[in-house]
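The values are calculated or read from the model by the stated rules, or taken from the named source; none is laboratory data. Since the structure is predicted, the reported quantities are computational estimates derived from the model, not experimental observations. Cβ coordinates were reconstructed from backbone atoms using ideal geometry, including for glycine residues, and neighbour counts include every protein chain displayed. Note: accessible area is taken over every heavy atom of the protein model, side chains too, but ligands, DNA and RNA are not part of it. Shrake-Rupley method; radii C 1.70, N 1.55, O 1.52, S 1.80 Å.
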Amino acid sequence: MVIKKMDQSEALEIADRWKYGGEYAFYDMTADPEDYEELVTPALRGNRYFSVYSGDDLTGFFCVEQEGGDIEIGLGLRPDLTGRGRGGAFLEEILRFVQENYSFEKIRMDVASFNQRAIKVYERAGFVKTGTAKVPTNGGIYDFTMMELKR
C-alpha cells in the first residue's frame, strides 16, 4: 500500500462517488454536509487527509488530527472492499504511517456503535473501548463508541 497526501481529484471521487449500502450509507460523505465540505474544500481539508493506494487503485483514505499528546483518526475503505477481510491490513498501514510520522501518547477514534464490523477490526488491532457518546451528525443524533490505542 502507498499513502500520499490527498489531492482534489481524490477528494471529489470519495465525496461524490463512494456510496455504501444499507445502514452503512451513514458513511456516505453526502450524508453529512459538514463532512462533505471539509473533504472537498482544500483549505478545510488542509494537510490532514491522506489517500491509500493498492497499486494504481485508490482503496481508502484517512484523516489525522493532532490534539496535544493524542492523535485522532478517521478512516474509510472503498465501499466495494468493505466486509471482505481487508480492514485489518488497511488499518495496520494507517497505524504504521501515524507511528512513523507523528509523536503521540495515544490514538483515538470514534465509530458509530452500530458498526460492529469495524469495532471488531479496531479491537483486533489493539484499540480498547473507552466510552460512548451521543453525537449530532448526518441530521440526527447517533450513538458512537469511543476507542483508543496506547503507544
Problem set entry | Residue list for region 91-136, filter: under 18 Å from F61 (Cβ atoms) and β-branched (V, I, T) | I94, V98, I107, V111, V121
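Results for (1) touching a helix residue (DSSP H, G or I) at 6+ places or on another chain (Cβ under 9 Å); (2) in contact (Cβ under 8 Å) with a residue 12 or more places away in the chain, shown as yes or no for each residue.
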residue: E13; (1), (2): no, yes
residue: G21; (1), (2): yes, yes
residue: Y36; (1), (2): yes, yes
residue: L44; (1), (2): yes, no
residue: Y49; (1), (2): yes, yes
residue: D56; (1), (2): no, no
Exercise. Pick from F26, F50: which is farther than 18 Å from P136 by Cα and surrounded by 12 or more Cβ atoms within 10 Å (Cβ to Cβ)?
Worked result: F50
Exercise. So how many residues does region 120-151 have that are open to solvent by 30 Å² or more (accessible area, probe 1.4 Å) and either more than 23 Å from E38 (Cα to Cα) or acidic (D, E) (or both)?
Worked result: 11
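Can we say R117 is open to solvent by 20 Å² or more (accessible area, probe 1.4 Å), among the basic types (K, R), closer than 26 Å to G131 by Cα and in contact with a helix residue (DSSP H, G or I) (Cβ under 9 Å, 6 or more places away or on another chain)?
Taking the combined requirement at face value, the residue satisfies it.
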